[in-house]
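Below: one structure, written as structure tokens.
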Amino acid sequence: MTYSQSATDAARLIWPITQQGKRIAQQFARDHGLPDIAERVRRNTLAVWVLLEFLEALGILTDLATSDSWNPAMQLTEDVADLVVPGVGRLECRPVEEAGVCTVPLGVERIGYVAVALDEAAGEASLLGFVPEVALAQLGLDRLQPMDDFPTHLHQLRQGALGQEASQLTRLSRWLEGYFESGWQSAEDLLAQYLWTPAFRQGGQSAPQTPLQIKRAKQLDLGLKLGAEQVALVLEVEQENESAVNIGLRLYPLEGRLYLPEGLTVKILDGENTVCLTAQSRSADNYLQLYFRGHPGEPFSAQVTLGDVSIVENFII
Amino acid sequence: MRIILKRSNPGLLMNNSPDELRRLACEACRYCLGSAERQRYLTQLIRLVKSRLWRDNSPHYQDALQQTWIYLCQNLCEGKTAKPYDPDVASVATWLNAYLKFRLLDFEQAAQADRARHVSAYGEDGATTDVVETLAAKPEIPPILERVQDWLEQNAAEFRKIHVVHHPKINCYELILRRLPPEASWQALEDEFGVSYKTLESFYRRQCKPRLREFGRAEGHISS
């Protein structure tokens, strides 16, 4: 952008607060017995809804089902006002308090923070502007960029996300917190044709705790590189304890094929690019698998090779 | 769409004259549907045209306006749900005002039909009583806090087994319970358990919050 502009009255975007938004906000608030929380939830819901209706008018889709602001247990335990834009990330839509104070959560991953001034008497809200990131818990309203620039911000992020996908670092610790990088979908969805068997056997009665197991799958986009061969890379992650994470990696054929291509190799490399584990498919293998264990923060990569073509996925535990 | 008069830095132009609005409309349509540029001009257009739109005190005004903005975005260039905007026929504000007034009329007629139904179903005092409101006033389902507490108790045995290494007392059950409102601060929990709040917070983030989130997702809100 070659010009900058503060959130003056001229730059604010006034957006309607619809009956549907009010109804949802009231319904959410009724679910909370404590008046302070009910009011917080009501205002956060309105702020999120107003931004959602703005984005949807522009044709930008949002996903409430995975937004914590729509989750009653998250509303109860935290001051949440997030809105997920699929393929881009999580926005924060904060209602501005009467004194012009806008408080934002720190230490959470957000792709932008939008300040929303609710004027409920007039039945409308002002989208005052946004900032891509914050350093302080108080959002300086004079630092806001105008909403005119907001679509460009989202498009740049989406471009970035697409460009990074090949070399993206996948953070498994984030998986254990319930966040997944784009491209990693539920293993059951991608591999609907397989009956799923867990990679880790529950150790019968001696299991000290029920570990949280996460499994996600990624279609390795080998179309261009390996002809018609498409494979699914499936990772199953289990937190054994504070310092150890169990990882199961499998490769499956996709597109209704029964067998992996012969000679498909998968290698696990550590942070120094030393090969730690390797497996190779024979003529009629349904899948390949490797198991290993690592510490939180430890990097590794998985290299999938067929002939002279190879794809690397980078991870950090 | 036809070619435009002259280009200038769109951010600097803040007037909302009919000519300027028409220029923004044409500019928006030079870019393809769904592009950042198109969305930028649409945002600007919405922001500037608003003060030229019809305004009244109808309870449905904001809903009609929301529909008007959707109509603008969908039909300015391509005409996805109606005939596309023609700058030779009307100014942007005139075009939108016509649509806005029709929507207000629709809402008013729907409300009248609704009132007629309510009165016939609920007798003479039905004029101001909202049936939906009356039904919603007696929710049998306890608030979410109680539902979370019940869920926590039901899973207590399992959640107690999930704990900070060497600290069986600092477990999933205990931390979720303490962080329910009115929640204990991390500092208070650090003092009580003798474990740094960073460890507690990180354990909560990894082991407690995802379970709580999963429960909340499955549970949803009571619908009225």
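Remarks
- Residue in the range B:90-106 that is away from chain A (no Cβ under 11 Å), touching a His at 6+ places or on another chain (Cβ under 7 Å), at pLDDT 90 or above and not in a loop (DSSP other than H, G, I, E, B) present: yes
- Where a residue in the range B:97-113 is hydroxyl-bearing (Ser, Thr, Tyr) and its partner, wherever it lies, is at pLDDT 95 or above, with Cβ under 7 Å and at least six apart: B:TYR99/B:THR68; B:TYR99/B:TYR71
- Within the range A:272-306, tally of residues that are small (Gly, Ala, Ser), free of Cβ contacts under 8 Å to residues at least 60 places away in the same chain and surrounded by 13 or more Cβ atoms within 10 Å (Cβ to Cβ): 4
- Filter result for B:GLU20 (more than 9 Å from chain A (Cβ to nearest Cβ) and modelled with pLDDT under 95): yes
- Some residue of the range B:117-130 being at pLDDT below 90 and within 12 Å of chain A (Cβ to nearest Cβ): yes
- Strands (runs of 3 or more DSSP E) wholly inside the range A:235-317 that include at least 3 residues being in contact with a Pro (Cβ under 9 Å, 6 or more places away or on another chain): A:244-253, A:309-316
- Residues satisfying the stated conditions in the range B:179-224, i.e. β-branched (Val, Ile, Thr) and within 7 Å of chain A (Cβ to nearest Cβ): B:ILE222
- Residue within the range A:140-147 that is under 17 Å from the mean Cα position of the chain (by Cα) and farther than 22 Å from B:CYS208 by Cβ present: no
- Given (1) within 14 Å of chain B (Cβ to nearest Cβ); (2) assigned to a helix (DSSP H, G or I), number of the condition A:VAL114 does not satisfy: (2)
- Contact annotation: residue pairs with Cβ atoms under 6 Å, 6 or more positions apart or on different chains, pairing a residue in the range A:73-90 that is more than 9 Å from chain B (Cβ to nearest Cβ) and surrounded by 21 or more Cβ atoms within 10 Å (Cβ to Cβ) with a partner that is of a type in the set (Gly, Ala, Ser) and assigned to a loop (DSSP other than H, G, I, E, B), are A:ASP82/A:SER67; A:LEU83/A:SER67.
- Boolean, B:LYS80 is within 11 Å of chain A (Cβ to nearest Cβ) and over 22 Å from the mean Cα position of the chain (by Cα): yes
- Comparison of A:ALA99, A:ALA121, A:ALA73 shows that the only residue that is assigned to a helix (DSSP H, G or I) and more than 17 Å from A:LEU13 (Cβ to Cβ) is A:ALA73.
- Subset of the range A:37-70 that is without any contact (Cβ under 8 Å) to a residue 40 or more places away in the chain and outside any helix (DSSP H, G or I) - its residue that is farthest from the other protein chains (Cβ to nearest Cβ): A:THR62
- When the residues of the range B:26-62 are filtered to those that are over 22 Å from the mean Cα position of the chain (by Cα) and within 10 Å of chain A (Cβ to nearest Cβ), the one that is surrounded by the most Cβ atoms within 10 Å (Cβ to Cβ) is B:TYR41.
- Positions within the range A:111-164 being surrounded by 17 or more Cβ atoms within 10 Å (Cβ to Cβ) and among the basic types (Lys, Arg), in sequence order: A:ARG158
- Scanning the range A:189-219 for residues that are assigned to a helix (DSSP H, G or I) and farther than 18 Å from A:THR66 by Cα, we see that the one that is modelled with the highest pLDDT is A:LEU190.
- Cross-chain or 6+ apart pairs with Cβ under 6 Å, the range A:125-154 first and away from every other protein chain (no Cβ under 11 Å), then assigned to a strand (DSSP E or B) and surrounded by fewer than 17 Cβ atoms within 10 Å (Cβ to Cβ): A:ALA137/A:THR103
- Filter pass, B:ASP63 being modelled with pLDDT of 95 or more and either in the same structural domain as B:ALA90 (by TED's automatic domain parsing) or of a type in the set (Asp, Glu) (or both): yes
- Scanning the range A:237-271 for residues that are more than 30 Å from B:SER202 (Cβ to Cβ), surrounded by 12 or more Cβ atoms within 10 Å (Cβ to Cβ) and in contact (Cβ under 8 Å) with a residue 40 or more places away in the chain yields A:LEU251, A:TYR252, A:LEU254, A:PRO261, A:GLY263, A:LEU264, A:THR265.
The values are calculated or read from the model by the stated rules, or taken from the named source; none is laboratory data. As the structure is a computational prediction, the values presented were derived from the model and not from experiment. Note that we place each Cβ from the backbone using ideal geometry, even for glycine, and neighbour counts take in every protein chain shown.
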